[in-house]
Ligand code: PEP
Ligand code: MG
């Protein structure tokens, strides 16, 4: 038995056999061929390319139907690899020159290509290497007449173990026998982690070398809430986790029973529980879990895994759909937040030493007003279809808010000129996630319609802990007294100016801390959809007065550990 601790990326516990993804190395024999065989080998190569194209288009269609067009576009890059003249011509010319079987030649050319791309210090080209690897393996399989091992071959639900997970693998998990997945790479906010949450699959990432510790078929336990992974557990551990799964299921059912009731405390304070989404097709899940509205729609995922940027019309259609589906409830669209750990290849942002402190979010948008304004126009146009609000990420002071609002005013003027309708009174909020914004919240509150506290960033900036670095993850502490004090002062400043405060960082979804946040006067919580029922249940189980008392006691404590222990104890008492 071996226990590993990684980064808890998506909650839940799964037990099952390990399935090693991507370890399948295709061994290609080197065979001499005669000059006369060359036309036949070229034909085999061409047929493999055609077959691969067919497979990708088929996969793309399936994903488009299951998950939406946006996810399916991931494969456009794969189709482009199939048309890469340089690659094809190199294979044919080496085939003629070296007179070796085409599968072998292709595997050599593929290795060379991937090697070249990987050596270059450029994220965009590194992504291309992954695409080429993915498609290249497909072509090779077709050249060798081998079928790809699919997730269907697994009996029962398996735990996927991978170094990293490619978009095509994640997409395939959508409907397959996947109990959980674990990876060597990745942080809490990686694309993989976010996808896992929307697919409701437990996931642990950032395990560093788990792929070299697991063998295919090993029984494993994955606890996506704690980040614990156990390889070949003994009978006692297995039993205790099986019991935990049963317990959790019972608890989940209990939480679900209140999902459609208001999140009101026993003495009548009503809180709004909204959802965080990344893709429009998550809307049904929000409703299923009893979400009031959408408190954070992270729009940068719209730009990912594609070569071009979405057009104004594409933005508009997506926002209109979400607005209409959620109407009359609010939908808060967060404008483009790239940089940091969220990388968009089409903008070719140069590498930075400190990406989280660099050209990110609103800073990028203010520097590239044409990109920003296109999105703002789409949000404004969609605002007539429901209750849309917008908010800016990474505001560090009032000047940035004013500059962003100036561009918003220009976007409105452009729509007016064209005679297009929009809600002129659309609410504009500020994400408070930079310490300087938190400390000048009183100034910002006078010019903002609402605040949403982004604790994922606020914690990393105020505690000086890179949120995606597993080495310093032990310092990343939402319960730290510094964080509680900042949150308290943001809420007070907002309320003094008569505006509401939401929280959309992951901290809002931690039930024990949510009690303190409730007591501090937070008005709205925005969390991943599956956490909504639990939060409602917890809020309904306390009085506002008790939560206020709890908050003032928590503020007297000196360490995060004390706050955590105290709040967990209180939560256990409340849920008893
Ligand atoms: C945050 O920083 O808390 C937040 C919600 O935004 P993101 O995680 O997208 O940076
Ligand atoms: Mg943020």
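The values are calculated or read from the model by the stated rules, or taken from the named source; none is laboratory data. What you see is a predicted model, and the numbers here were worked out from it, not measured in a lab. Using ideal geometry, Cβ is built from the backbone for each residue, glycine included, and neighbour counts are taken over all protein chains shown.
Taking the numbered list (1) within 16 Å of ligand 1 (Cβ to nearest atom); (2) under 14 Å from residue 535 (Cβ atoms) in turn, residue 279 passes all entries but (2). Being in contact with a helix residue (DSSP H, G or I) (Cβ under 8 Å, 6 or more places away or on another chain) and either touching a residue at least 24 places away in the same chain (Cβ under 8 Å) or surrounded by fewer than 19 Cβ atoms within 10 Å (Cβ to Cβ) (or both) holds for only one residue in 258, 245, and it is 258. Please tell me if residue 487 is more than 16 Å from ligand 2 (Cβ to nearest atom), farther than 18 Å from residue 259 by Cα, buried (at least 22 other Cβ atoms within 10 Å of the Cβ) and at pLDDT 95 or above. It is false that residue 487 is more than 16 Å from ligand 2 (Cβ to nearest atom), farther than 18 Å from residue 259 by Cα, buried (at least 22 other Cβ atoms within 10 Å of the Cβ) and at pLDDT 95 or above.
Looking at this structure, is residue 437 within 15 Å of residue 334 (Cβ to Cβ), in the same structural domain as residue 329 (by TED's automatic domain parsing) and buried (at least 19 other Cβ atoms within 10 Å of the Cβ)? Even if it seems obvious, please write down each step before you answer.
Numbers: within 15 Å of residue 334 (Cβ to Cβ): yes; in the same structural domain as residue 329 (by TED's automatic domain parsing): yes; buried (at least 19 other Cβ atoms within 10 Å of the Cβ): yes.
Yes: the conditions hold for residue 437.
For every residue, the table says whether it meets (1) over 28 Å from the mean Cα position of the chain (by Cα); (2) away from ligand 2 (no atom under 16 Å from the Cβ); (3) assigned by TED's automatic domain parsing to the domain that holds residue 570.
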site: 482; (1), (2), (3): no, yes, yes
site: 492; (1), (2), (3): yes, yes, yes
site: 496; (1), (2), (3): yes, yes, yes
site: 500; (1), (2), (3): no, yes, yes
site: 507; (1), (2), (3): no, no, yes
site: 524; (1), (2), (3): no, yes, yes
site: 529; (1), (2), (3): no, yes, yes
site: 538; (1), (2), (3): no, yes, yes
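Just a yes or no: is a residue in the range 108-123 at pLDDT below 70, part of a helix (DSSP H, G or I) and either touching a helix residue (DSSP H, G or I) at 6+ places or on another chain (Cβ under 8 Å) or under 29 Å from residue 199 (Cβ atoms) (or both)? Yes, the range 108-123 contains at least one residue that is at pLDDT below 70, part of a helix (DSSP H, G or I) and either touching a helix residue (DSSP H, G or I) at 6+ places or on another chain (Cβ under 8 Å) or under 29 Å from residue 199 (Cβ atoms) (or both). Take residue 473 and decide whether it is away from ligand 2 (no atom under 14 Å from the Cβ) and either modelled with pLDDT of 95 or more or surrounded by 21 or more Cβ atoms within 10 Å (Cβ to Cβ) (or both). For residue 473, the condition - away from ligand 2 (no atom under 14 Å from the Cβ) and either modelled with pLDDT of 95 or more or surrounded by 21 or more Cβ atoms within 10 Å (Cβ to Cβ) (or both) - is not met. As a summary of the residue check, residue 102 satisfies the conditions (1) at pLDDT 80 or above; (2) assigned by TED's automatic domain parsing to the domain that holds residue 218 except for the one numbered (2).
Which residues, taken from the range 402-421, are more than 16 Å from ligand 2 (Cβ to nearest atom) and closer than 17 Å to residue 335 by Cα? Once the filter is applied, which keeps residues that are more than 16 Å from ligand 2 (Cβ to nearest atom) and closer than 17 Å to residue 335 by Cα, the range 402-421 yields 402, 403, 405, 406, 407, 408, 409, 410, 411, 412.
Quick one: in the range 275-292, of everything that is part of a strand (DSSP E or B) and within 16 Å of ligand 2 (Cβ to nearest atom), which residue is modelled with the highest pLDDT? Going through the qualifying residues, I end up with 276.
For (1) touching a residue at least 24 places away in the same chain (Cβ under 8 Å); (2) within 14 Å of ligand 1 (Cβ to nearest atom); (3) touching a strand residue (DSSP E or B) at 6+ places or on another chain (Cβ under 7 Å), each residue gets a yes or a no:
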{"site": "451", "(1), (2), (3)": "yes, yes, yes"}
{"site": "462", "(1), (2), (3)": "yes, yes, no"}
{"site": "465", "(1), (2), (3)": "no, yes, no"}
{"site": "483", "(1), (2), (3)": "yes, yes, no"}
{"site": "506", "(1), (2), (3)": "yes, yes, no"}
{"site": "513", "(1), (2), (3)": "yes, yes, no"}
